[in-house]
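The values are calculated or read from the model by the stated rules, or taken from the named source; none is laboratory data. What you are looking at is a predicted structure, and each value in this text was computed from that prediction instead of being measured. Every residue, glycine among them, receives a Cβ derived from its backbone with ideal geometry; neighbour counts consider all protein chains shown.
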Amino acid sequence: MRIGELARATGTTARALRHYEQAGLICSQRAPNGYRIYDERAVARVRNIRYLLAAGLTLDDVRVFLPCLDGDVAAGPPSDKGLRVALERLAVLNERIAYQTEARDRLEAALRQATGGRIRPVA
């Protein structure tokens, strides 16, 4: 299938697919006219990549899961390495959330002080 067909089948964009390919997560063959041609297994692989990205992992994190991207990543038992990567990513996300929460709280306090306690939501 061509890149547009794969994009439609997986709910992504051709640009994202080229990015995944550049990152070494998917591969294609080239037709005589230069078009990228993907086999049917690419559909499951791309869906798994998108699943892992949506879960908060990065493309670098997803590389750990290369051996199982052609199956059902969500249903299979996680590897020790996969668990470690996911736990590390969770720690990073929790740290970012804590930082953002603190920043929000400081801004809210500053607004309360500046407005005498009257914070009006912005539409």
Subject >> Filter result for the condition that a residue is within 27 Å of Ala86 (Cα to Cα) and among the β-branched types (Val, Ile, Thr), over Ile37, Ile26 >> reply: Ile26
Original post:
Take the residues of the range 13-37 that are among the small types (Gly, Ala, Ser) and in a loop (DSSP other than H, G, I, E, B): which is nearest to Ala54 (Cα to Cα)?
Top reply: Ala23
Subject >> Residues of the range 17-38 that turn out to be over 20 Å from Cys68 (Cα atoms) and either under 18 Å from the mean Cα position of the chain (by Cα) or exposed (fewer than 12 other Cβ atoms within 10 Å of the Cβ) (or both), as a count >> reply: 7
Original post:
If you check every pair at least six apart or on different chains, which have Cβ atoms under 8 Å apart with a residue in the range 48-66 that is in a helix (DSSP H, G or I) first and a residue that is among the basic types (Lys, Arg) and surrounded by fewer than 21 Cβ atoms within 10 Å (Cβ to Cβ) second?
Top reply: Asp61/Arg89; Val64/Lys81
Subject >> Criterion: surrounded by 10 or more Cβ atoms within 10 Å (Cβ to Cβ), at pLDDT 90 or above and touching a Pro at 6+ places or on another chain (Cβ under 9 Å) - qualifying residue of Ala86, Ala110, Ala103 >> reply: Ala86
**OP:** Being at pLDDT 95 or above and more than 8 Å from the chain's Cα centre (by Cα) is the filter; apply it to the range 39-59 and report the residue that is surrounded by the most Cβ atoms within 10 Å (Cβ to Cβ).
**Re:** Ala42
